1. Let's test the formula: R0 of 35 Å, r as the Cβ-Cβ distance of Glu221 and Phe22. What FRET efficiency results, to the nearest 0.05?
2. Extending each Cα 7 Å along its Cβ direction at Glu342 and Ala283, get the distance between those two points in nm, one decimal.
3. Compute the separation of the alpha-carbon centres of the range 188-255 and the range 88-114 and state it in Å as a whole number.
4. To make sure I understand, if each residue's beta carbon is the centre and we count other beta carbons within 10 Å, what order do Ser241, Ser334 fall in, fewest to most?
5. Using only helices, what value at 222 nm comes out for the chain when you add -39,500 (n - 2.57) per DSSP H run of length 4 or more and divide by the total residues, to the nearest 500 deg cm²/dmol?
6. Mean projection of the alpha-carbon convex hull of the range 251-322 over all orientations, in nm²?
7. Taking the number of other C-beta atoms within 10 Å as the exposure measure, put Ile245, Ile14, Ile210 in order starting with the fewest.
8. By how many nm would the segment from Asp317 to Arg122 grow when fully extended, if each residue of separation counts as 0.36 nm and the alpha-carbon distance is taken off?
Amino acid sequence: MALPPGPDRLPAPIQTALFLGFQTQTARLLRRRYGEVFTIRLSGIGTFVAVAEPDLLKQVFTADPKVLHAGDRSPLGAVLGRNSLLAIDEERHLSQRKLLLPPFHGERMQSYEAIIEEEALREISTWPQDRPFETLEPMMRITLNAILRAVFGARGSELEQLRALLPPLVTLGSRLALLRFLQHDLGAWSPWGKFLRMRAQFDRHVDELIATARGDPELEERADVLSLLVRARHEDGTPMSRDEIADQLLTLLAAGHETTAATLAWAVERLRRHPEVLRTLVAEVDAGGREYRDAVIREVQRSRPVITAAGRYAMTDFQLGRWLLPAGTRIIASAYLTQLDERLYPDPQRFDPERFVGRMPETYKWVPFGGGIRRCIGAAFAHMEMDVVLRTMLTQVELATTTAPDERWKSRGVAFVPSCGGRAVVRRRRDAPGGAPAQAAAAASAGAPLAAAT
């Protein structure tokens, strides 16, 4: 039983340093050398088989959940909790997923749009004019506040306290998730000890939110996700436990906060370097359309996936194409390599939303949200949030174009973000609402004074 080829002559510590330190560059190099399936060995983690071909991705994503696990071997389990949707498998995963699905469909999704628009307007009103600033942190504030209100149902002092607690909790947790040797509580001064104490503080806030929800006489009318989880019942009629609710809330935050904000920062970075795309997008926003905006969002996710791969663990021998992988093999389903494959997307480095105008991406050729029964449960929410934030931003400000080099990829532990934070220069639109915006933004046109800013 042989594994696919890989850089066997390189000692595992060197493979580890290259892959963890230069993930995207190393992945491209290994695919050129060894093809669509290759093996790498990472010290202290294990043997990985990387996959970057749609038919093989389909095999991975649609495999029997008893054969390929994604949860119990995930490094995120220690951070998000043992009940997290990302840390469980098989029947338990399906049961929890069933409880979490209702808030992310239909009319409830529409009820969240006003919250997101309100948070976007609040944040954008504070942006400086005519000077460079990074958009990643502002976008993270928008997505955090939107999730705290739409998902947690937080208000007043609880909202303010969670707003202060959660960014450092998620940032520290995402960095520690991949550094298992640091996951030892050596007191409040140690990284893991600090994380555990912040996590305990988070759990106390969840207790308060649950108690408030259960005592709310209008609980049945509330649309926030927490209120639905409080009312949810397992098949045997029992309610979700506090630990289940807390772990799922933290999971929804971690999966949808930084990732969505990073994609929005990448959108700013891409639009500034593509004036024609920006002009077309602004004109469509002003006309009240959204088809091109949908295509822009999907092209950003194709060309700049913030989560570059999804992991699986073979519980038994697993046939992957012509390879029989032994039990214990870890599989990396690479969105990055697949979505930047020139055979699937001509000139893949070119930012071209026209690829998706009038057509949806093909399944397993576009996998920023994963696939199969473990596809991101909040994918529709994330797309809606990005749509609302982009629309709101472009009605409020003129976004300067630039000839500066592309921002590089930078790892924040789990997600990849623009190295300069999605730097922008904006100016308040003279025709911003108040009422509806009137005309295509002059800032997008080459040669305008603002368009020369960097």
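Rule-based calculations on the coordinates, nothing more; no lab input. Note that the structure is predicted; figures quoted are calculated from it, not measured. Cβ coordinates were reconstructed from backbone atoms using ideal geometry, including for glycine residues, and neighbour counts include every protein chain displayed.
1. Values: r = 52 Å, r/R0 = 1.47.
Computed FRET efficiency for Glu221 and Phe22 comes out at 0.10.
2. 3.1
3. 15
4. Working: Ser241 11, Ser334 24.
Exposure proxy ranking, most exposed first: Ser241, Ser334.
5. On the way: 16 runs with 209 residues, N = 454.
So the helix-based figure for the chain works out to -14500 deg cm²/dmol.
6. Numbers: hull surface 31.3 nm².
For the range 251-322, averaging the hull's shadow over all directions gives 7.8 nm².
7. Working: Ile245 24, Ile14 13, Ile210 20.
Listing Ile245, Ile14, Ile210 from fewest to most nearby Cβ atoms yields Ile14, Ile210, Ile245.
8. Details: separation 195, 0.36 × 195 = 70.20 nm, distance 5.28 nm.
Full-extension gain reported as 64.9 nm.
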